[in-house]
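One structure, pasted below without further comment.
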Amino acid sequence: MKETLVRLTSSLIQMESTTPERINYSVEFCADWLQRHGVPIRLWENQGLKMLTATIGPTNTGSTLVLNGHLDVVPGHPENFIPRVEAGRLHGRGSYDMLGAVAAMMALTADLVQQPPKCRIILQLVPDEEKGGELGSAYLVEQGSIGDFVICGEPTNLDIAVQAKGVLQVKVEFSGVAAHGSRPWLGKNAIVAAMQKYNQLATLDFMQESSRFFPVPSFNLAKIEGGVALNQVPDRCALYLDIRYLPTQNPADILDSIRLAVPEAQVEMLRHGSPVTTDEFDPFVQSLHQSTAHIFGKESVLFGQDGSADTRFFAQYGIPAVEFGPIGANHHGPDEYVEIESLVIYQKILKHFINQLEGKVNRHEIKK
Ligand SMILES: [Zn+2]
């Protein structure tokens, strides 16, 4: 089991899946690997990006569990794509986020073909989580590839992320009056106007709230655009804000409060991503929690993620979704690694969890 996981994860690291071409190659590699292990797969393509699903188990009884993994990784130096095993750790770009989890999900699926479960399992391997997931997981959900419960194998150190903040990216554009830089009193400086309002925006009432799992929302001034020439009063300045709001907050209310605070500015929403609000007492979550305690010998912590993942596309339809993955460190940074033993444990936990699902009937029909 361990050798298979190390070999498979290493192969995926070597794919260097940071471009559409490399990602598609990685999807084909996984398709081939699964087919060679007797797993029937379906290849999908959306706007030039490939992805795959594999469905096993009965179609009309029991629950459907979605195992979702992304094959794309963030860029790194060439040496990051040479896998290296040292002191029980597998180092390499994507080992922790989340090629190790993908390998465990693939190995488990191959295993389940030999011993079919009583519930249905859909394995989804997607190409673009790091870029927002719109072409991969969002597309599959739209196409009806959903279930009663979803596990995204994001790096969580065997803890369970039941909630995630929502994403609200906003452009706030201030206007001024251009004039010659030697006579600024004749103009109105838009950059100065934006600077004067920034603190007010960053400390609006919604920023003072908290919720279960989250002490605060977050507010990041990500980009500023303004000014053309050194001898000119700028007549335009745009602030680009990346706000991560609490699952209990309403993005429309947040936008309203921004508009109210700066009525002189143009406020435009650039991107929105729903929060994830999976109930910590959901029976699937509780069952996964028990399987982890049983196999790992330690209670996992239920927590909220500050960032967003593909879970949100399922959560949008009220499907309970969690992030749950192996132990490691330094994802998106130098010297990323995954603990090899945790990959073995991870695969065993998933298997135990699936065995617990056997015989359970569908709690409800999922309506889109
Ligand atoms: Zn990830």
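Inside region 194-241, can you point out the residues that are in a strand (DSSP E or B), touching a Pro at 6+ places or on another chain (Cβ under 7 Å) and under 30 Å from T278 (Cβ atoms)?
Step one: filter region 194-241 for residues in a strand (DSSP E or B), giving 211, 214, 218-226, 232, 236-241.
Applying the additional criterion that residues be touching a Pro at 6+ places or on another chain (Cβ under 7 Å) yields 211, 226.
Within region 194-241, just S211 meets the criteria.
Inspect region 156-169 for any residue being over 30 Å from G297 (Cα atoms) and buried (at least 22 other Cβ atoms within 10 Å of the Cβ) and give the result as yes or no. First the steps, then the outcome.
Residues of region 156-169 over 30 Å from G297 (Cα atoms): 166-169.
So of that shortlist, the ones also buried (at least 22 other Cβ atoms within 10 Å of the Cβ) come out as 166, 168.
Yes, region 156-169 contains at least one residue that is over 30 Å from G297 (Cα atoms) and buried (at least 22 other Cβ atoms within 10 Å of the Cβ).
Looking at region 178-193, I want the residues that are assigned to a helix (DSSP H, G or I) and have a partner that is of a type in the set (K, R) and open to solvent by 60 Å² or more (accessible area, probe 1.4 Å) with Cβ atoms under 6 Å, at least 6 apart or on another chain. Which pairs are those?
If the second residue must be of a type in the set (K, R) and open to solvent by 60 Å² or more (accessible area, probe 1.4 Å), the pairs left are A190/R236.
So for region 216-234 (the condition being in contact (Cβ under 8 Å) with a residue 60 or more places away in the chain and in contact with a Leu (Cβ under 6 Å, 6 or more places away or on another chain)), does at least one residue qualify?
Taking region 216-234 first, the residues in contact (Cβ under 8 Å) with a residue 60 or more places away in the chain are 218.
Okay, now just the ones that are also in contact with a Leu (Cβ under 6 Å, 6 or more places away or on another chain), so none.
There is no residue in region 216-234 that is in contact (Cβ under 8 Å) with a residue 60 or more places away in the chain and in contact with a Leu (Cβ under 6 Å, 6 or more places away or on another chain).
Among strands (runs of 3 or more DSSP E) lying entirely in region 56-148, which contain 1 or more residues that are more than 16 Å from the ligand (Cβ to nearest atom), of a type in the set (D, E) and open to solvent by 20 Å² or more (accessible area, probe 1.4 Å)?
Numbers: elements: 64-70, 84-86, 89-91, 120-126.
The qualifying strands (runs of 3 or more DSSP E) are 84-86.
Here's the yes/no breakdown for (1) over 30 Å from F213 (Cβ atoms); (2) in the same structural domain as L65 (by TED's automatic domain parsing):
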position: M106; (1), (2): yes, yes
position: L112; (1), (2): yes, yes
position: E130; (1), (2): no, yes
position: E134; (1), (2): no, yes
position: Q143; (1), (2): yes, yes
position: N157; (1), (2): no, yes
position: V172; (1), (2): no, no
position: R183; (1), (2): yes, no
position: K197; (1), (2): yes, no
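Consider T59 against the criteria (1) modelled with pLDDT of 95 or more; (2) closer than 26 Å to F149 by Cβ: it satisfies all of them except one. Which criterion is unmet?
Answer for T59: the failing condition is (1).
Condition first: surrounded by fewer than 21 Cβ atoms within 10 Å (Cβ to Cβ), over 13 Å from F213 (Cβ atoms) and not aromatic (F, W, Y). Now tell me which residues in region 267-284 satisfy that.
Matches in region 267-284: V267, E268, M269, L270, R271, H272, S274, D282, P283.
Which residue, of G48, G76, is at pLDDT 95 or above and farther than 21 Å from E323 by Cβ? Before you say what the answer is, go through the steps one by one.
Values: G76 fails: at pLDDT 95 or above.
Unique residue meeting the criteria: G48.
Then there's this: Regarding region 274-295, can at least one residue be identified that is of a type in the set (F, W, Y) and within 15 Å of I349 (Cα to Cα)? Reasoning before the result, please.
Step one: list which residues in region 274-295 are of a type in the set (F, W, Y), which gives 281, 284.
With the extra rule that they be within 15 Å of I349 (Cα to Cα), the set shrinks to 284.
The answer is yes; a qualifying residue exists.
Picking from G76, G48, G38, G92, which residue would you name as being within 19 Å of Q347 (Cα to Cα) and small (G, A, S)?
On the way: G76 fails: within 19 Å of Q347 (Cα to Cα); G48 fails: within 19 Å of Q347 (Cα to Cα); G92 fails: within 19 Å of Q347 (Cα to Cα).
On inspection, the qualifying residue turns out to be G38.
Now a separate question. List pairs: first residue in region 288-312 and without any contact (Cβ under 8 Å) to a residue 12 or more places away in the chain and assigned to a loop (DSSP other than H, G, I, E, B), second residue loosely packed, with under 15 Cβ neighbours inside 10 Å and aliphatic (A, V, I, L, M) anywhere in the structure, Cβ distance under 8 angstrom, at least six positions apart or on different chains.
Every condition considered, the pairs that remain are E299/A293.
Quick one: in region 170-180, of everything that is open to solvent by less than 10 Å² (accessible area, probe 1.4 Å) and not aromatic (F, W, Y), which residue is farthest from the ligand (Cβ to nearest atom)?
Applying the first criterion (open to solvent by less than 10 Å² (accessible area, probe 1.4 Å)) to region 170-180 yields 170, 172, 174.
Checking which are not aromatic (F, W, Y) leaves us with 170, 172.
On the way: V170: 25, V172: 30 Å.
Among those that are open to solvent by less than 10 Å² (accessible area, probe 1.4 Å) and not aromatic (F, W, Y), it is V172.
Moving to a separate point now. Here's a check for you: in region 186-231, which residue that is among the small types (G, A, S) and within 30 Å of the chain's Cα centre (by Cα) is farthest from V267 (Cα to Cα)? Break it down into steps so the answer makes sense when it comes.
Kept after step one, since they are among the small types (G, A, S), are these residues of region 186-231: 187, 190, 193-194, 202, 210-211, 218, 222, 226-227, 229.
So of that shortlist, the ones also within 30 Å of the chain's Cα centre (by Cα) come out as 202, 210-211, 218, 222.
On the way: A202: 15, S210: 25, S211: 26, S218: 18, A222: 15 Å.
So, considering only residues that are among the small types (G, A, S) and within 30 Å of the chain's Cα centre (by Cα), the one farthest from V267 (Cα to Cα) is S211.
Sticking with this structure for a sec: Might you check whether a residue that is among the basic types (K, R) and under 14 Å from L343 (Cα atoms) occurs anywhere in region 115-134? I'd like the intermediate steps shown before the answer.
Here is the first cut: in region 115-134, the residues among the basic types (K, R) are 118, 120, 131.
Cutting the leftovers down to under 14 Å from L343 (Cα atoms) gives us none.
The answer is no, given that none of the residues of region 115-134 is among the basic types (K, R) and under 14 Å from L343 (Cα atoms).
Identify all residues within region 95-122 that are more than 19 Å from L52 (Cα to Cα) and touching a residue at least 24 places away in the same chain (Cβ under 8 Å); write none if there are none. Let's see the steps before the verdict.
Pass one, region 95-122, residues more than 19 Å from L52 (Cα to Cα): 95-96, 114-119.
Result: S95, Y96, Q114, P116, P117, K118, C119.
Write out, first by first residue and then by second, each pair whose Cβ atoms fall under 8 Å of each other, whose residues are 6+ apart or on separate chains, and whose first residue, in region 269-285, is more than 14 Å from L168 (Cα to Cα) and modelled with pLDDT of 95 or more while the second is surrounded by fewer than 14 Cβ atoms within 10 Å (Cβ to Cβ) and not basic (K, R).
From region 269-285, the pairs are V285/D279.
Confirm whether L350 is more than 15 Å from the ligand (Cβ to nearest atom), at pLDDT below 95 and surrounded by 23 or more Cβ atoms within 10 Å (Cβ to Cβ).
On the way: more than 15 Å from the ligand (Cβ to nearest atom): yes; at pLDDT below 95: no; surrounded by 23 or more Cβ atoms within 10 Å (Cβ to Cβ): yes.
Against the criterion (more than 15 Å from the ligand (Cβ to nearest atom), at pLDDT below 95 and surrounded by 23 or more Cβ atoms within 10 Å (Cβ to Cβ)), L350 does not qualify.
Can you name every residue in region 229-261 that is of a type in the set (V, I, T) and surrounded by 19 or more Cβ atoms within 10 Å (Cβ to Cβ)?
Step one: list which residues in region 229-261 are of a type in the set (V, I, T), which gives 233, 243, 248, 254, 258.
Answer for region 229-261, where residues must be of a type in the set (V, I, T) and surrounded by 19 or more Cβ atoms within 10 Å (Cβ to Cβ): V233, I243, I254, I258.
The values are calculated or read from the model by the stated rules, or taken from the named source; none is laboratory data. The structure displayed is predicted, hence computed values, not measured ones. Cβ: placed from backbone, ideal geometry, glycine included. Neighbour counts: every protein chain shown. Calculation scope for accessible area: heavy atoms of the full protein, side chains included, ligands and nucleic acids excluded. Shrake-Rupley method; radii C 1.70, N 1.55, O 1.52, S 1.80 Å.
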